[in-house]
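Student: Let me begin by handing over the structure; questions about it come next.
Values in this text are rule-based calculations from the coordinates and carry no lab data. The structure displayed is predicted, hence computed values, not measured ones. Counting neighbours? That spans all protein chains shown, and the Cβs are built from the backbone with ideal geometry, glycine included.
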Amino acid sequence: MSYAALSRYYDLENADFTEDLEYWLDLAEEHGDPILELGCGTGRVLLNLARRGHAVTGLDNSPDMLARLQAKLAAASGQHLASAPHIVMASLEDFDLGQRFRLAIMPFNTFMHLLTTEAQLAALERIRRHLAPGGALALDMPNPGEAYAAQEQGLTLERTFLDGERTVQQFSSIALDRAAQLSHITWIYDSIGPAGANAAGDLQRSIVPLTLRYTFPAEMSLLLARAGLSLAHLYGDYDRSPFADGAPRMLVLATSAGS
């Protein structure tokens with residue numbers, strides 16, 4: 001998919017989502033630098049780690065997302081960012097950075113963008129090759145059981161936010177393919193100018209299709225093992241409560257097998 005339309009609104013729609021930031025900071029303190037963030041996007045997590053002095057490399061395959069991240073870095077150049085991150089544009093499934101990391105992270109559903117078992121394994125194997133001895137990989141996804149139990153709904157208003165003088169309403173429509181473990185999402189962004197939606201030309205609509213793949217706990221354990229990794233912990237939320245029925249998230253912490 002093209003991230004051009006999604007990247008335009010990504011920071012605005014996620015401005016209030018900060019509940020995971022302490023989780024990533026804690027992992028960074030526990031495992032040490034350097035850190036690799038895969039699917040770093042516009043830098044929501046990456047910049048927070050860098051501001052706290054961590055040596056971070058961010059990798060993403062979207063030039064639109066990375067352009068916004070680079071603009072943020074340029075704007076922060078006079079603010080004495082504690083540690084300037086290194087940014088790489090590459091595929092999650094095929095990258096070679098020439099260094100090893102103490103911690104690799106994939107926050108906020110990034111692993112779900114890998115839509116086949118082959119793609120998942122390719123990414124996990126690449127990550128394992130980039131982990132230092134004793135290094136760890138942390139993944140963050142929604143609880144797949146909760147998602148599968150949910151009833152599909154029609155068009156839903158997710159949130160309303162401001163884009164300068166324009167008001168943006170974000171709608172979603174989700175169709176689950178449970179047999180394929182895929183969620184087909186359509187995001188609709190209605191941008192309304194100050195004159196209101198009834199004014200000629202003052203309503204602009206962007207439609208962004210997105211497909212994500214759900215992975216179940218036992219399946220994840222097997223994928224990790226195939227890639228030479230070992231499941232160390234499975235959490236149900238950012239407070240590290242155990243994963244169980246009803247948990248909102250599925251947080252995976254894995255290490256190199258035998259480390």
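Student: Once amide H atoms are built 1.01 Å from N in the peptide plane, which residues 5 or more positions from Leu137, or in another chain, come under 5 Å H to H?
Tutor: Ala104, Ala254, Thr255
Student: For a quick check: sort Arg44, Arg166 by the number of other beta carbons within 10 angstrom, fewest at the front.
Tutor: Details: Arg44 22, Arg166 15.
By the 10 Å Cβ count, ascending: Arg166, Arg44.
Student: Rg/Rh for the range 65-190 to two decimals, with Rh computed the Kirkwood way over all alpha-carbon pairs. Could you put the intermediate results ahead of the total?
Tutor: Numbers: Rg = 18.6 Å, Rh = 18.1 Å.
That ratio equals 1.03.
Student: Any chance you could list the semi-axes, whole Å, largest first, of the equivalent ellipsoid that the Cα gyration tensor gives for the chain, using √(5λ)? Don't skip to the answer; put the middle values down first.
Tutor: Values: eigenvalues 192, 115, 51 Å².
Gyration-tensor ellipsoid for the chain: 31, 24, 16 Å.
Student: State, as an integer percentage, the relative contact order of the chain based on alpha-carbon contacts under 8 Å between residues 6 or more apart. Don't skip to the answer; put the middle values down first.
Tutor: Numbers: 503 pairs, mean separation 44.0, N = 259.
Once normalised by length, the contact order is 17 percent.
Student: From Cα pairs below 8 angstrom and at least 6 apart in sequence, can you work out the relative contact order of the range 151-213, rounded to a whole percent? The partial results should precede the final answer.
Tutor: Values: 122 pairs, mean separation 17.2, N = 63.
The normalised contact order for the range 151-213 reaches 27 percent.
Student: Still on this structure, please answer the following. Please state the charge dipole magnitude for the range 144-246, taken about the Cα centre, from unit charges on C-beta atoms (+1 on K and R, -1 on D and E), reported in debye and rounded to the nearest 20. Intermediate values should be presented prior to the final figure.
Tutor: Numbers: 7 positive and 12 negative charges, 59 e Å.
My answer is approximately 280 debye.
Student: For the range 151-213, compute Rh as the Kirkwood radius over C-alpha pairs and then the Stokes-Einstein diffusion coefficient at 25 °C and 0.890 mPa s; write the answer in µm²/s, rounded to an integer. Intermediate values should be presented prior to the final figure.
Tutor: Values: Rh = 12.9 Å.
Reported coefficient: 190 µm²/s.
Student: Kindly provide the helix-only [θ] at 222 nm of the chain, computed as the sum of -39,500 (n - 2.57) over DSSP H runs of four or more divided by all residues, to the nearest 500 deg cm²/dmol? Walk me through the intermediate numbers first.
Tutor: Working: 7 runs with 71 residues, N = 259.
Using -39500 (n - 2.57) per qualifying helix, the result is -8000 deg cm²/dmol.
Student: Would you mind calculating the relative contact order of the range 28-162 from Cα pairs under 8 angstrom and at least 6 residues apart, reporting the percent as a whole number? Please report the intermediate quantities before stating the final value.
Tutor: Values: 204 pairs, mean separation 34.7, N = 135.
It comes to 26 percent, rounded to a whole number.
Student: Moving on. Report, for the chain, the % of DSSP beta bridges that are antiparallel, rounded to 5.
Tutor: Numbers: 44 of 60 bridges.
So the antiparallel bridges amount to about 75 percent of the total.
Student: Would you mind checking which residues have amide H under 5 Å from Ile87's amide H? H placed 1.01 Å from N; only 5 or more apart, or other chain.
Tutor: Gly58
Student: What does the charge count around Gly246 come to, taking other residues whose C-beta lies under 12 Å from its C-beta (Lys +1, Arg +1, Asp -1, Glu -1)? Numbers along the way, then the final one.
Tutor: Numbers: positive: Arg249; negative: Glu146, Asp237, Asp245.
Net of charged neighbours comes to -2.
Student: Can you give the convex hull volume of the alpha carbon atoms of the range 124-259 per residue, in Å³?
Tutor: 157
Student: How do Glu37, Glu158, Glu93 rank when sorted from fewest to most other Cβ atoms within 10 Å of their own Cβ? Display every interim value, and only then the final one.
Tutor: Details: Glu37 26, Glu158 13, Glu93 17.
Ascending Cβ contact count within 10 Å gives the list Glu158, Glu93, Glu37.
Student: Follow-up. Under a 5 Å amide H to amide H cut-off, with H placed in plane at 1.01 Å, what residues pair with Thr211 once short-range neighbours are removed?
Tutor: Close amide H contacts, sequence-distant or interchain: Ile185.
Student: Based on other C-beta atoms within 10 Å, arrange Phe95, Phe216 from fewest to most.
Tutor: On the way: Phe95 18, Phe216 14.
Ranked by crowding around the Cβ, least crowded first: Phe216, Phe95.
Student: Let me ask another. For labels at Thr156 and Ser77 in the simple 7 Å Cα→Cβ model, what's the distance in nm?
Tutor: 4.3
Student: Still on this structure: Work through the residues other than Asp33 whose Cβ is under 15 Å from its Cβ and net out their charges, Lys, Arg +1 and Asp, Glu -1. Intermediate values should be presented prior to the final figure.
Tutor: Details: positive: Arg51, Arg52, Arg100, Arg102; negative: Asp26, Glu29, Glu30, Glu37.
Within the 15 Å Cβ shell, the charges total 0.
Student: When 1/r is averaged over all different Cα pairs and the result inverted, which Kirkwood radius in Å belongs to the range 96-136?
Tutor: Values: mean 1/r = 0.0912 Å⁻¹.
Hydrodynamic radius (Kirkwood, Cα only) of the range 96-136 equals 11.0 Å.
Student: Taking R0 as 25 Å, what FRET efficiency do you get between Asp239 and Glu30 from their Cβ-Cβ distance, rounded to the nearest 0.05?
Tutor: Working: r = 15 Å, r/R0 = 0.60.
After rounding to 0.05, the efficiency reads 0.95.
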